[in-house]
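S.K.: Structure in structure tokens, see below.
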Amino acid sequence: MNISVPLNDLRAEYHSIRAAVDARIQEVIDTSSFIGGANVAGFEDAFADYCGAAHAVFCSSGTSAIYIALKALEIGPDDEVITVSHTFIATVEAISLTGAVPVLIDVDRETGLLDHRQLAGAVTKRTRAIIPVHLYGHPVNWDPIQRIADQHNIPLIEDAAQAVGAVFHDRKIGSLGAMACFSFFPGKNLGAYGDAGMITTQNATYAANMKRFLNHGRISKYAHETIGFNLRGDAMQAAILHAKLPSLDSWNACRRRNAETYRQELQDVSVQVLCEAENVVPVYHQFVLLSEHREALQDFLHSHGIATGIHYPIPVHLQPAYQSLGYGKGDFPGTEYLADRILSIPVYPFLTKEQIQYVVDTIHLFFRK
Ligand SMILES: *Cc1c(COP(=O)(O)O)cnc(C)c1O
């Protein structure tokens, strides 16, 4: 019996909220207010509230969110920004685009997240920001990072692209750093019907700088105070995301339930799963297995109709695009250990019990062979 299990099912999600989304889309077209306006402002307010942040600034993507946050700190050439090698390349690209030098560090192989023990040694006089990544929807261990950053007076920017709705010690992701950057890429936990992103902050000056920068440095229609760019998010995406926001917590709860089922059912199989820290609420953007037999397991699952992913098979420090940074194989053992073993299996909210059981059974079957 072959059941098909995709890595995500955006159509099932749409059908669960179709009336609300369709109404908002029609309303945007009826009012024909496509750029800025009430839909963008309304979603920014709702999202800031959701994250426990004072301000939210809507923009064109998660990648531009990180770029905009760095520009608000006036980071540029001669500056350094520290982040992890085990992330989606966008985190590092945004640093490069400012002209600053990305300084990469290793992750903890038990969690896949920034290893604060590697952080202090990477800080120099030129370090202007640190970007911890809440990868897979797991909040990074924030307090030791904050302590090191505070010692050197360096602002922290959360890369929260995969962690919307997650909680660290009773604090919502998006309210921990000087700024936090979110992606609404369609496959993220809160997905647009196109590209979109958001930056949250408690700081009114940062928020004003970011709003101006992403809209041509404008202070009024024809007055441009600084050199900016067009990195705006559009009203259609804001309206759709606003309609979806009330469902996010229940979708994230489904992801956690699915993850818990995998944890229980895969205990007696020789795969490792990334560990969940104490006192956090993760949101399982991905559910990640570790196996010495990753390629064979992946082939086996694919041949049984189960989609999987690898996030990410080539760490940033080994990417051809980043050869100029001068890193090489062996520089980040935790990152490379994970890159060779990780496998993401379906964990999206609309998985049926039968599909999850089928994934579990198929993994058991693989390890019995
Ligand atoms: C998705 C993602 C981004 C970039 O977001 P886009 O909206 O695709 O530009 C940045 N960082 C991480 C960790 C991501 O997963």
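S.K.: Kindly indicate the residue of region 138-161 that is of a type in the set (Val, Ile, Thr) and within 15 Å of the ligand (Cβ to nearest atom) and also nearest to MET179 (Cα to Cα) among those meeting that condition.
M.R.: ILE157
S.K.: Looking only at residues in region 107-137 that are of a type in the set (Gly, Ala, Ser) and either part of a strand (DSSP E or B) or within 22 Å of PHE182 (Cα to Cα) (or both), which one is farthest from the ligand (Cβ to nearest atom)?
M.R.: It comes out as ALA129.
S.K.: Any idea which residue in region 273-285 is nearest to VAL360 (Cα to Cα), counting only those that are away from the ligand (no atom under 16 Å from the Cβ) and either free of Cβ contacts under 8 Å to residues at least 40 places away in the same chain or of a type in the set (Ser, Thr, Tyr) (or both)?
M.R.: VAL273
S.K.: Kindly establish whether ALA192 is away from the ligand (no atom under 13 Å from the Cβ) and hydrophobic (A, V, I, L, M, F, W, C).
M.R.: So ALA192 fails the test.
S.K.: Let me ask another. Would you pick out the residues in region 87-96 that are within 12 Å of the ligand (Cβ to nearest atom) and either buried (at least 21 other Cβ atoms within 10 Å of the Cβ) or of a type outside the set (D, E, K, R) (or both)?
M.R.: THR87, PHE88, ILE89, ALA90, THR91, VAL92, ALA94, ILE95, listed by residue number.
S.K.: Next question, about the same structure. Filtering region 306-327 down to residues that are outside any strand (DSSP E or B) and among the β-branched types (Val, Ile, Thr), which residue is nearest to GLN357 (Cα to Cα)?
M.R.: For region 306-327, the residue satisfying everything is THR308.
S.K.: Filter region 38-86 down to the residues that are out of contact with any helix residue (DSSP H, G or I) (no Cβ under 6 Å at 6 or more places or on another chain), under 26 Å from HIS152 (Cβ atoms) and within 16 Å of the ligand (Cβ to nearest atom) and list them by number.
M.R.: Matches in region 38-86: ALA65, ALA69, VAL84.
S.K.: Please determine whether any residue of region 128-143 is touching a Lys or Arg at 6+ places or on another chain (Cβ under 7 Å) and touching a residue at least 60 places away in the same chain (Cβ under 8 Å).
M.R.: No, region 128-143 contains no residue that is touching a Lys or Arg at 6+ places or on another chain (Cβ under 7 Å) and touching a residue at least 60 places away in the same chain (Cβ under 8 Å).
S.K.: Being among the polar types (S, T, N, Q) and under 20 Å from the mean Cα position of the chain (by Cα) is the filter here, so list the residues in region 210-268 that pass it.
M.R.: GLN237, SER247, SER250, ASN252, ASN258, listed by residue number.
S.K.: What residue, of ALA129, ALA120, ALA69, is farther than 16 Å from GLY174 by Cβ and crowded, with 24+ Cβ neighbours inside 10 Å?
M.R.: ALA129
S.K.: When only residues in region 344-355 that are among the aliphatic types (A, V, I, L, M) and under 14 Å from GLY305 (Cβ atoms) count, which is surrounded by the most Cβ atoms within 10 Å (Cβ to Cβ)?
M.R.: The qualifying residue surrounded by the most Cβ atoms within 10 Å (Cβ to Cβ) is ILE345.
S.K.: Report, by residue number, each residue of region 243-265 that is surrounded by 15 or more Cβ atoms within 10 Å (Cβ to Cβ) and either of a type in the set (Ser, Thr, Tyr) or touching a Gly at 6+ places or on another chain (Cβ under 6 Å) (or both).
M.R.: Across region 243-265, the qualifying residues are SER247, LEU248, ASN252, THR261, TYR262.
S.K.: Here's a follow-up. Taking region 163-194, which residues are among the hydroxyl-bearing types (Ser, Thr, Tyr) and buried (at least 24 other Cβ atoms within 10 Å of the Cβ)?
M.R.: Within region 163-194, just SER183 meets the criteria.
S.K.: Mind checking whether some residue in region 131-139 is farther than 22 Å from CYS51 by Cβ and within 22 Å of the chain's Cα centre (by Cα)?
M.R.: There is no residue in region 131-139 that is farther than 22 Å from CYS51 by Cβ and within 22 Å of the chain's Cα centre (by Cα).
S.K.: Which residue, of MET198, MET210, is closer than 16 Å to GLY36 by Cα and either within 12 Å of the ligand (Cβ to nearest atom) or assigned to a loop (DSSP other than H, G, I, E, B) (or both)?
M.R.: MET198
S.K.: I've got another one for you. Of the conditions (1) of a type outside the set (D, E, K, R); (2) assigned to a helix (DSSP H, G or I); (3) on the phi > 0 side of the Ramachandran plot, GLY330 fails just one. Which one is it?
M.R.: With (1) of a type outside the set (D, E, K, R); (2) assigned to a helix (DSSP H, G or I); (3) on the phi > 0 side of the Ramachandran plot applied to GLY330, the lone miss is (2).
S.K.: Kindly check whether there is at least one residue in region 164-172 that is within 14 Å of the ligand (Cβ to nearest atom), touching a helix residue (DSSP H, G or I) at 6+ places or on another chain (Cβ under 8 Å) and at pLDDT 95 or above.
M.R.: The answer is yes, given that some residue of region 164-172 is within 14 Å of the ligand (Cβ to nearest atom), touching a helix residue (DSSP H, G or I) at 6+ places or on another chain (Cβ under 8 Å) and at pLDDT 95 or above.
S.K.: Going by the conditions given, is TYR337 aromatic (Phe, Trp, Tyr) and surrounded by 19 or more Cβ atoms within 10 Å (Cβ to Cβ)?
M.R.: It is false that TYR337 is aromatic (Phe, Trp, Tyr) and surrounded by 19 or more Cβ atoms within 10 Å (Cβ to Cβ).
S.K.: Please verify whether SER324 is among the hydroxyl-bearing types (Ser, Thr, Tyr) and under 21 Å from ARG109 (Cβ atoms), treating the condition exactly as stated.
M.R.: Answer is no for this residue.
S.K.: Any idea how many residues of region 323-338 are within 15 Å of the ligand (Cβ to nearest atom) and in contact with a helix residue (DSSP H, G or I) (Cβ under 9 Å, 6 or more places away or on another chain)?
M.R.: Counting residues in region 323-338 that are within 15 Å of the ligand (Cβ to nearest atom) and in contact with a helix residue (DSSP H, G or I) (Cβ under 9 Å, 6 or more places away or on another chain) gives 1.
The values are calculated or read from the model by the stated rules, or taken from the named source; none is laboratory data. This structure is a prediction, so every number in the text was calculated from the model and none was measured. Glycine gets a Cβ as well: all are built from the backbone with ideal geometry, and neighbour counts include every protein chain shown.
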